Amino acid sequence: MACATCLTHGSDVATPGDKLLEVDHLCVTFATEAGAAKVLDGVNLTIRAGEIMGLVGESGCGKTTLANTILGILAGNARAEAGRVWFAGEDLFALPQRRMARDVRGRRITFIPQDPFGSFNPLFSVGAQTRELMKWKSPRRAPGEHQGLAGFFARYPRARRRADAEAIVQMLRSVQMPDPAATAGKLPHEFSGGQRQRLMIALALLPQPQLVIADEPTTALDVTIQAQILKLLKQLAKSRGISVLFTTHDLGTAYEICDRITVMYAGQEVESAPVADFFGRPQHPYTVRLLESLPRPGRELREIGGEIPRLIDPPSGCRFHPRCARASEICRKERPPATSLGGGHEVRCYHPVETPP
Amino acid sequence: MSQPPLLEVEGLSRHFPVRNMFGWQIGALRALDGVSFKVRPGETLGIVGESGCGKSTLGKALAGIHAASGGRILFEGTDITGCSAVQRRSVAPKLQYCYQDPGNSLDPRWTVRRSLAEPLIVHSALTARERDARIAKILEQVGLPLTHLELYPHELSGGQQRRVGLARILTLYPRLVVLDEPTSGLDVSVQASVLKLLRELQAAFTLSYLFISHDLSVVRAMCDRVAVMYAGRIVEEAPTERIFASAKHPYTLSLLAAIPNIGGERITDTFALEGEPPDPVRPPSGCRFRTRCPRAAAVCAGTDPPLRRIAPGQAAACLFA
């Protein structure tokens, strides 16, 4: 099914290097009591192998929905109306549910949650929960293991269990947990927030994934702990060549860790650029206003006037037009196509800001 | 400087008892341990620190939500430390406490008008007509139309609820407002509008703010002076510009080094501080920061450095500052 706003989707710039993930004009709607909410409306996103991609936007702009769609864990009332998600050459929407659960989710694509407090079962030791993960998602698991009736009774093969246990201790060492050997026996409440987030990173990296989706992993942490976690995540991802989709509403953390940044507004991506270009010469009026609203010494605070639109009856055309000073007639009618500015910098705007503020 | 301070806190402590399974007290969590500072009229004092450092306990102790375990709180020269609920009533209109999201503290079954009138009914002798006039004036100040008076909180957006919540705090014309993390968890654009509103209100009502936050960039934009807290103590206090230009305490320096600096060096390459804040039930001996401090020496374990003046208006609790 084609959705009307997607017809203008621009051709992707041919990029060197292999694309690991490609989201192609994805539309997701949520059925609500008030009507269908178009939470994602023609989103395009490309992540290359080994790249840290920042997904930036205000709350409610669809960052988490996009992450959930990639993982295939949308809520029951949500439906992908149009679009495709390509992961390493495979169409994730066409993949059978069982293969998705067995080989992709938690194995080749893993997830780091925002809240490290609610993500462990409080009643089981960290070691037990890690072993449970590795039983099913270990990179050493043979493809046919745990299949059919035999799989129902199959135990965790001893050789693999040993190898996995060793990998777990090594991983706990790489995420710099104090005393990795003793960590496994402790319950989640015995760890601080920063340590729990380190454990979450360990759990996400243990299956040796190709892509890690980190959903605001440092929002719940203090600044000094945030700095430690960002440093750790960047270093581990870079040294292992893992791609990261890093969603955040904090432009500062995005600057710290990302290679490229994509900005979303109300369910549409508006600009995508390498990190230097993004902060150096932002083109979309929304990006510019977002950067201006950061508190900086010696400058008056500037808010973005107006409010985020309701997604049940979103504005037509470019969804930012009601709050945009540069909006003209065409902005109200049609969503701007993606314009490439070279160097992987793309913007969707009829009236881009030429000069940096 | 000649003006007497609006709020003066001397050696304020708040200890929470730690009990074992039989209910015997086996220790104390020293959330606040000898905190002293002053707030002058019209000034914004920032309280900065990581979670668990005692900054929210401090705000709540000032607002009378927590009773102090020791020390004194002087508000406009009167000691309000251990005062009863009845005595408190004379202070409450002038010293207000504002939760993280003031919009959340509105009663969902009351109209905006009723929510705004309640503090006036409790604390003032105004007639109904005078109350209406006051409410209308405040509502205009926070940038909402008068038509909103008859609406219920759920009919307002989150930002408007926040404005009504602030209006409710301001109806009594307070002199000092304790703002507890007013912008944490907000998007930058919303944060900018909240900060702007707070500034406008400060100018319109000549308010003093005690601005509790963990975000140094917000504090820099809002505050005149900053006090940095670590594990229940103030470790450094200075005018905002001095904190950012020439901080002396190693903890303050680490906090500054942890702020992402867009366009500058990446903290993921430079940040060096390791470890996490100590357990407040068992703080380390001597200086509480020594377990993480890059400059810690043997002497730090034995002496607890007092907050001492190191420059005009600047004080730090470090032996090497």
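Under 1.5 on a/c is rounded, so check that first for segment B:125-205, then, if it is not, pick prolate when a/b is larger than b/c and oblate when it is not; a ≥ b ≥ c are the square roots of the alpha carbon gyration tensor eigenvalues.
Working: a/c = 2.17, a/b = 1.38, b/c = 1.57.
Judged from the Cα gyration tensor, segment B:125-205 comes out oblate (a/c at least 1.5, b/c at or above a/b).
Quick check on packing: order B:158-170, A:114-126 by the mean number of other C-beta atoms within 10 Å, highest mean leading.
Numbers: B:158-170: 21.4, A:114-126: 15.8.
Ranking, from highest mean packing down: B:158-170, A:114-126.
Arrange A:His249, B:His123, B:His154 by Cβ neighbour counts within 10 Å, fewest through most, would you? Before the final figure, lay out each step's value.
Numbers: A:His249 23, B:His123 15, B:His154 9.
Least to most surrounded, the residues fall as B:His154, B:His123, A:His249.
Among A:227-234, B:17-24, A:324-331, the peptide with the highest mean count of other Cβ atoms within 10 Å heads the list, and the full ranking is A:227-234, A:324-331, B:17-24. Spin-label model, B:Arg88 to A:Asp103: label points 7 Å out along the Cα-to-beta-carbon direction sit 6.4 nm apart.
Is there a simple number for the mean count of other chain Cβ atoms within 10 Å of the Cβ of residues in A:298-311, and what is it? Mind dumping the intermediate values first?
Numbers: counts 2, 1, 4, 11, 4, 10, 6, 2, 1, 7, 6, 0, 1, 0.
Taking all residues of A:298-311 together, the mean is 4.
Helix A:223-240 versus the longest principal axis of chain A: what is the Cα-based angle in degrees, 0 to 90, to the nearest 10? Between helix and principal axis, roughly 80 degrees.
Assuming a ≥ b ≥ c are the square roots of the Cα gyration tensor eigenvalues, decide whether the protein assembly as shown counts as rounded (a/c under 1.5), prolate (otherwise, with a/b larger than b/c) or oblate. Taking the square roots of the gyration eigenvalues as a ≥ b ≥ c, the protein assembly as shown is oblate. Taking a span of 15 Å or more along the helix axis (Cα atoms) and a mean Kyte-Doolittle hydropathy of at least -1.0 as the rule, the DSSP H helices of chain B that qualify are B:112-123, B:128-141, B:158-170, B:188-205.
Computed over neighbours whose Cβ is under 11 Å from that of A:Gln283, the net charge equals -2, Lys and Arg +1, Asp and Glu -1.
Placing +1 on the Cβ of every Lys and Arg and -1 on the Cβ of every Asp and Glu, with nothing else charged, gives the protein assembly as shown a dipole about its Cα centre of roughly 1460 debye. Excluding B:Glu150 itself, calculate the net charge of residues whose Cβ lies under 12 Å from the Cβ of B:Glu150, where each Lys or Arg counts +1 and each Asp or Glu counts -1. Result for the neighbourhood of B:Glu150: +1.
Per residue of peptide A:283-296, the mean number of Cβ atoms on other chains within 10 Å of the residue Cβ is 3.
Bridge orientation summary for the protein assembly as shown: considering DSSP beta bridges with both residues in this region, about 60 percent are antiparallel.
Could you sort A:88-96, B:92-100 so that the peptide with the highest average Cβ count within 10 Å comes first and the rest follow in order?
Values: A:88-96: 13.3, B:92-100: 19.3.
Going by the mean number of other Cβ atoms within 10 Å, highest first, we get B:92-100, A:88-96.
Placing unit charges on the Cβ atoms of the charged side chains and taking the dipole of chain B about its Cα centre, the candidate lying farthest along the positive direction among B:Val219, B:Leu156, B:Ala321 is B:Ala321. Taking the inverse of the mean 1/r over every pair of distinct Cα atoms in chain A gives a Kirkwood hydrodynamic radius of 21.6 Å.
About its Cα centre, the dipole of segment A:124-206 is roughly 220 debye, where the only charges are +1 on Lys and Arg Cβ and -1 on Asp and Glu Cβ. The Cα center of segment A:275-347 and the Cα center of segment B:8-56 differ in position by 43 Å. Summary of the geometry: segment A:28-43 and segment B:260-312, compared by the centres of their Cα atoms, lie 49 Å apart. The long axis of helix A:158-174 is offset from the longest Cα principal axis of chain A by roughly 50 degrees. Computed about its Cα centre, the charge dipole of chain B is approximately 620 debye, with only Lys, Arg, Asp and Glu carrying charge at their Cβ.
Taking GluC sites (Glu not before Pro) across segment B:219-320, the ones in a DSSP loop with at most 16 further Cβ atoms lying within 10 angstrom of their Cβ are B:Glu265, B:Glu274.
Within the set of other residues whose C-beta is less than 13 Å from the C-beta of B:Cys98, count the net charge using Lys and Arg as +1 and Asp and Glu as -1. So the surrounding residues net to +1. Counting beta carbons within 10 Å around each of B:Ile259, B:Ile26 and listing the fewest first gives the order B:Ile26, B:Ile259. Calculate how many DSSP beta bridges within chain B are antiparallel, expressed in % of all such bridges and rounded to the nearest 5. Bridges in chain B are about 60 percent antiparallel. Between B:Glu150 and B:Ser105, what's the calculated FRET efficiency when r is the beta-carbon distance and R0 is 22 Å? Round to 0.05. It comes to 0.65. Let a ≥ b ≥ c be the square roots of the eigenvalues of the Cα gyration tensor of segment B:265-321; is it rounded (a/c under 1.5), or, if not, prolate (a/b larger than b/c) or oblate? Oblate shape, in that a/c is at least 1.5 and b/c is the bigger or equal ratio.
Among the DSSP beta bridges whose two residues both lie in segment A:144-271, what percent are antiparallel, rounded to the nearest 5? Display every interim value, and only then the final one.
Numbers: 3 of 8 bridges.
Restricted to segment A:144-271, the bridges split so that about 40 percent are antiparallel.
Taking the Cα atoms only, what angle lies between the long axis of helix A:193-205 and the longest principal axis of chain A, rounded to 10 degrees? For helix A:193-205, the angle is close to 80 degrees.
Using a 10 Å cut-off around each Cβ of peptide B:275-287, what is the average number of partner chain Cβ atoms that fall inside?
On the way: counts 5, 10, 5, 0, 1, 0, 0, 0, 0, 0, 0, 0, 0.
The mean count of partner-chain Cβ atoms within 10 Å per residue comes to 2.
Only the coordinates and a few stated rules stand behind these numbers; no lab work does. Keep in mind that this is a model prediction, so the values were computed, not measured. Cβ sites come from the backbone with ideal geometry, for glycine too, and all protein chains shown count toward neighbours.
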